[in-house]
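The values are calculated or read from the model by the stated rules, or taken from the named source; none is laboratory data. Not measured: the values here are computed from a predicted model. In this analysis, Cβ positions are derived from the backbone assuming ideal geometry, glycine residues included, and neighbour counts consider all displayed protein chains. These area figures cover heavy atoms from the full protein model, side chains too; ligands, DNA and RNA do not enter into them. Shrake-Rupley method; radii C 1.70, N 1.55, O 1.52, S 1.80 Å.
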Amino acid sequence: MAGGAIITALAVIIYHNALFNGFVSDDGFQILQNPWIKDLRFIPGIFGHSLSGFSAHSFQQATYRPLMYTAFTIEHLFFGLNPVGWHLVNILVHGANGVLVFLISISLLRYFGAGGKAARGKEDVQKPFTPLVIWLTALTAGALFVSHPAGSEPVSWVSALPELSFTFLILLAFYLHVSSDKRGGESGETGVSFAGLVLGPVLFFMALLFKETAVVLPVLLFSYDIISRRGKGIGAVINKRAVLIYSGYPLAFAAYMVLRILALGHLTPDTNLNAYLGGGGLLLNAAAGFYKAAGMLFWPIGIYPFQIFKALGSPFEAQAILILSFTAVFFIVLFFLRKKLHTIVLMAIVIMVLPVLPALYTPVITRFDFAPRYVYLSSAGYALFTAFVLRWLFYAGPLRGTLSFKGAAAVLSWALIILCAFASAGKSRDWESNLTLARAALRGSADNYFALYQIGNAEAERGAYSEAIKEYKEAIGIIERQEHPDMQTMRHSLAGLGGAYAALGRVDDATGAYERLLRFYPDNAAVNYQLGYIYQERGGCEKALYYYGRAFVNFTSAKDKKDTLLNMGNCYARLTLYTRALESYREALGIAPGDGAVIKNMETVKRLIRQSLYNGGKP
């Protein structure tokens, strides 16, 4: 199929530079540090845990996406930890999504005439598009989709595979639904294909296991049924055929919810990261998210990764008034024009709007602003909308006869595609490494403290500790000035700052950073351990024992507990408290029997005890 080949090739050309990107951001936690994806035997257990179930960290404990780790396991089986193969998968899935947009466009253009009426022989009151116009318009839609900058984040970031995958499954289900509806679903029609009865709910279930926002699929399909049957009465939408088609979706959703509750223990996140907003504030900022989504689709300029969420505090702010006015006008106009808009235009708008709605919940679960990947599926609606409107203007609209529709529409369409392609390719390079990604985020906002923290991490990784200290301190300063400070990033920045000071031998500064961190998080095991180690190295064993004791209580890893007990034993030995030292060593051996370092130090202490006895009790 030439159209599909062209679209796939375009996706590869645009994003070929992503093949040279590494693993960035969450890839470190979800891939590099994840033991589950490195062995097929973990796959059954993946379905019973949250995204962070393999780790002691609380990161993403409210997220349930088992098919993501299943896909990662398969990728690891083929590619190991070579990022080239992982990025290639993302590019190919993106290309496949573009092909589905192409196929969906063909189906919609074939079934509906230029005037938006269903094309069914004598009932068609408008001249349908010719096969050539259908093919060119569908090709334009597919090309617009794969080139749109909204795809740069999910395609270039390995951990965004769920976005690509659930979009593929939703588009496939929608294509099957439209294809099985060639007659428009007349009232009384009871024939249901295997695709409509079984494949749709199965694809829906799989999509949910990739990402929970796939919940929009049944609503999307039902919206198509309503729009494609406008003016035919309720019986054309709700009938025996519809009951059969949609009966499987509640079952699929129920099965997903059972798995989710068993894995997470709850339905929704148990913490609200922006609880200060309240219900009214969340609604106001949801409208702001919708406004940003529209901007990302129709004016994808100035889009940067990992921007910090800056809440609107009052509906009377100038920006809030603009946003609320835009949202109200959009939905009011859509309501009044719903019967006049071309069927394809109205369906494209629905595809743009529906997938955005679940993402408007993000202020509850993240400190980040509305992300470009949230409009990835919506960009399929944008592509269909733009391609159709451009063709219609020069074929059946007010500009027909002004210019050759073939030439004018093609020039405008492909000029837009080329511009988007260059923008997407440029944004893909931002995802090359954690350092380039953080710098791209900082270009979006100079006070992006998370970007500064990430730059600090990147500098520390390459041994540039002085530069890292500068970035960490700037991030901490910005957080301190916030009305509602992000204490999680504050904690990580202080920990990084302490580590950078320690690496430069600036022990007093490191101690100050760690002790400051403990004022916020006194039970942080790793920081208590680090402080214990610093005091031990400086000869302050009394203080070292205090911090080691707190670390031991809060550590969950057996190895960490063993190491802590070993160091505690060493401190006791330095203080000539040999009995306490032996107790610590024995407890360590109870955790790690046969540990060579513990046994060696224990023998040393026993020898010191014998020597002390020989000297009359003196060390």
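Details
- For L209, the conditions (1) in contact with a helix residue (DSSP H, G or I) (Cβ under 8 Å, 6 or more places away or on another chain); (2) among the hydrophobic types (A, V, I, L, M, F, W, C); (3) closer than 19 Å to Y175 by Cα are fulfilled apart from (3).
- Taken over the range 564-573, the criterion of being under 43 Å from the mean Cα position of the chain (by Cα) and either open to solvent by 30 Å² or more (accessible area, probe 1.4 Å) or of a type in the set (S, T, N, Q) (or both) is satisfied by T564, N567.
- Where a residue in the range 363-376 is of a type in the set (K, R) and its partner, wherever it lies, is at pLDDT below 85, with Cβ under 9 Å and at least six apart: R367/L273; R367/N274
- Applying the criterion of at least 2 residues that are among the β-branched types (V, I, T) to the helices (runs of 4 or more DSSP H) found wholly in the range 126-181 leaves 131-147, 161-179.
- Residue within the range 258-271 that is closer than 30 Å to G53 by Cβ, touching a residue at least 40 places away in the same chain (Cβ under 8 Å), more than 21 Å from the chain's Cα centre (by Cα) and open to solvent by 70 Å² or more (accessible area, probe 1.4 Å) present: yes
- Selection within the range 547-566 - in contact with a helix residue (DSSP H, G or I) (Cβ under 6 Å, 6 or more places away or on another chain) and of a type outside the set (K, R): Y547, Y548, A551, F552, N554, F555, A558, T564, L565, L566
- Scope the range 516-543; condition aromatic (F, W, Y), closer than 17 Å to Y472 by Cβ and assigned to a helix (DSSP H, G or I); matching residues: F520
- Filtered residue count, the range 292-303, keeping only those that are surrounded by fewer than 18 Cβ atoms within 10 Å (Cβ to Cβ) and either in a helix (DSSP H, G or I) or aromatic (F, W, Y) (or both): 3
- All of (1) surrounded by fewer than 18 Cβ atoms within 10 Å (Cβ to Cβ); (2) at pLDDT 85 or above; (3) within 27 Å of I106 (Cα to Cα) hold for G381 with one exception: (1).
- Single condition T576 does not satisfy, out of (1) open to solvent by 30 Å² or more (accessible area, probe 1.4 Å); (2) over 37 Å from the mean Cα position of the chain (by Cα); (3) free of Cβ contacts under 8 Å to residues at least 40 places away in the same chain: (3)
- The helices (runs of 4 or more DSSP H) found wholly in the range 2-113 and carrying at least 3 residues that are of a type in the set (S, T, Y) occupy 66-79, 83-111.
- Filter pass, L589 being part of a helix (DSSP H, G or I), closer than 21 Å to R607 by Cα and open to solvent by 20 Å² or more (accessible area, probe 1.4 Å): yes
- The range 397-449, subset among the small types (G, A, S), surrounded by fewer than 18 Cβ atoms within 10 Å (Cβ to Cβ) and within 29 Å of N17 (Cβ to Cβ), residue modelled with the lowest pLDDT: A410
- Contacts under 6 angstrom Cβ, first residue in the range 542-558 being surrounded by 15 or more Cβ atoms within 10 Å (Cβ to Cβ), partner not in a helix (DSSP H, G or I), 6 or more apart: N554/D523
- All positions within the range 304-330 that are in contact (Cβ under 8 Å) with a residue 60 or more places away in the chain and not in a loop (DSSP other than H, G, I, E, B): I308
- Members of the range 172-181 found to be closer than 8 Å to I104 by Cα and open to solvent by 10 Å² or more (accessible area, probe 1.4 Å), listed by number: Y175
- F330 meets the conditions (1) open to solvent by 20 Å² or more (accessible area, probe 1.4 Å); (2) farther than 30 Å from I134 by Cβ in every case but one. The failed one is (2).
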